[in-house]
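Worksheet: one structure, shown below.
Just so it is clear, none of the values below were taken in a lab; they were calculated from the coordinates. Source: prediction; values computed, not measured. Reconstructed Cβ throughout: ideal geometry from the backbone, glycine too, with neighbour counts over all protein chains shown.
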Ligand SMILES: *[C@@H]1O[C@H](CO)[C@@H](O)[C@H](O)[C@H]1NC(C)=O
Ligand SMILES: *[C@@H]1O[C@H](CO)[C@@H](O)[C@H](O)[C@H]1NC(C)=O
């Protein structure tokens, strides 16, 4: 602006001093080109200024825009630059990720609210194995899953430093999730179960979730298990209001008002639940702190947390029984373990109906689909009997 003002002043001065015509035109011509040059220079400086500011603005905006996206490993896992339906419904090929528990539980707690899926959804049964590392019955499970691809998914929680060495052809290949250390009977056990549920929830097609240990075996073939679970009106979570020191005796008054003594429940750690209840478990921030603070050994939190919290809000969806047979008849804190010598056809045949039960409110002969605990030595006779037992 200063340049222009000075120009004008000069012009005024020139006009005031009237001189011969030719001199005047020469002078004004020179002046005109000078002015043009100055105006041009002015615009050049202006344009330069704008572009410098613009570049900084773009940089600033880019950082602002990328910030919330960068840590979302889920998006990069799908390798999608733009949002597509595929990026929501296609499960990652590898279950490994870089989310910590806080991020994982938050992500897993998201659920669609519309009842109709905009794609063909085959509901899958998620098998979640909780182990220190090895899966001694892997060959039996391989037989169990064979030929049912697309109807199941597998997740394994092991000790964090365990290196699985399943071949590419195995159903357990790359199915070990990011895990943490677990102490028996402590909150870290429920943390591991929630971690398994959360990982399995990331696959939108998983509809039912069954928790198993490395010492569990199937008692029926896959098709039977799938139709039993998918056809059930209820989820299989053991929920009992038990008297005595191992039941109500483990309740603490400090849990009030969130949990009262009459709401306190006990059930087997090994459950099968549907997606709705799985989301309930991963989203819970109400009951979790109470159990973490007040339920410590000899209050075994894995026997109380999920049964209690689910029966408070969702009791009408619970079958109040487990699908996993366990022999507690010998007493003590640990159930009986069965080895090679125990495995006979008669023994295995009677396990599914070992106890009377209801299925969809009707009396049923089959109450258990899985059983524990089995020692690795049981594998060999189990593989021999598998075609008969699993109906292969
Ligand atoms: C996970 O990461 C977030 C963000 O860095 C952090 O706020 C949170 O405390 C972390 N959670 C755990 C369990 O480490
Ligand atoms: C399970 O127990 C609850 C009470 O805790 C009850 O309301 C529900 O009906 C029971 N479920 C079945 C299938 O009987």
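List of remarks:
- With 0.36 nm allotted per residue and the present C-alpha distance subtracted, the residue 96-residue 342 stretch has 84.8 nm of extension available.
- By the count of other C-beta atoms within 10 Å, a proxy for reagent exposure, 216, 299 are ordered fewest to most as 299, 216.
- Cα centroid separation - the range 193-212 against the range 374-392, whole Å: 27 Å
- Cα gyration tensor shape for the range 303-372, rounded if a/c is under 1.5, else prolate or oblate: oblate
- Distance in nm between pseudo-label sites at residue 248 and residue 286 (7 Å out along the Cβ direction from Cα): 2.3 nm
- Summarised as an ellipsoid, the range 191-335 has semi-axes of 25, 19, 14 Å, derived from the eigenvalues of the Cα gyration tensor scaled by 5 and square-rooted, with the largest first.
- Length released on extending from residue 329 to residue 111, taking residue separation times 0.36 nm less the Cα-Cα span: 74.3 nm
- Estimated FRET transfer efficiency (residue 48, residue 122; beta-carbon r; R0 51 Å; 0.05): 0.25
- Simple spin-label estimate for residue 37 and residue 377 in nanometres, 7 Å along Cα-Cβ: 10.4 nm
- Cα gyration tensor, the range 251-392 - rounded (a/c under 1.5), prolate or oblate: prolate
- Mean Cβ neighbour count within 10 Å, used as a protection proxy, ranking 257-267, 347-357 highest first: 257-267, 347-357
- Burial order of peptide ranges 369-376, 115-122, 271-278, 155-162 (average beta-carbon count within 10 Å, highest first): 271-278, 369-376, 155-162, 115-122
- What the Cα convex hull of the range 92-389 gives, in volume per residue, is 143 Å³.
- Rounded to 5, percent antiparallel among DSSP beta bridges of the range 92-389: 35 percent
- Ranked 127, 338, criterion: other C-beta atoms within 10 Å, fewest first: 338, 127
- The relative contact order of the range 92-389, computed from alpha carbon pairs under 8 Å that lie at least 6 residues apart in sequence, is 20 percent.
- Sorted ascending by nearby beta carbons within 10 Å, beginning with the fewest, 321, 107 become 107, 321.
- Label reach from residue 174 (point 7 Å along Cα→C-beta): in the range 89-116, amide nitrogens under 18 Å belong to 89-99.
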